[in-house]
1. Please tell me if I44 is modelled with pLDDT of 90 or more and under 22 Å from V29 (Cα atoms).
2. Quick one: how many residues across the stretch 41-67 are surrounded by 14 or more Cβ atoms within 10 Å (Cβ to Cβ) and in a helix (DSSP H, G or I)?
Amino acid sequence: MVQSMGRVGCALDNAAAESFNSTLKVEFVHRHRFATRDQARVKIATWIADFYNARRRHSAADGLSPIEYEQRIKAARAAARARAHEAIAA
C-alpha cells in the first residue's frame, strides 16, 4: 500500500482509502492468521476481488453490491434511451 500524498490539514483527501482500510482490517485481517506476508497478500487480494468488489453491500450504493448497483444503473440508462427514441419517433 502507498502512503497518502495529501497535504497536511486536508482531512477529506484520503477518506475513501481510510474507510476501505478500516473495513479490510475489521472484516478480514483481524479475523485471520497468516503464516507469511505472501500468504496474507494473496488472501487479502482474493478477498478484495471475490467479496469486497463483487458481493459486499455498500452504503454508497443504496445497500446494493457493486454488481447489482451497476446492473440497476445500466437498466435505468437503457430505459431512458428507449424513452428518448420513442419521443423522437413520435
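1. Details: modelled with pLDDT of 90 or more: yes; under 22 Å from V29 (Cα atoms): yes.
Yes; evaluated as a whole, the condition is true for this residue.
2. Adding up the residues that qualify gives 7.
The values are calculated or read from the model by the stated rules, or taken from the named source; none is laboratory data. On a predicted model such as this, the values are computed, not experimentally measured, just so you know. In this analysis, Cβ positions are derived from the backbone assuming ideal geometry, glycine residues included, and neighbour counts consider all displayed protein chains.
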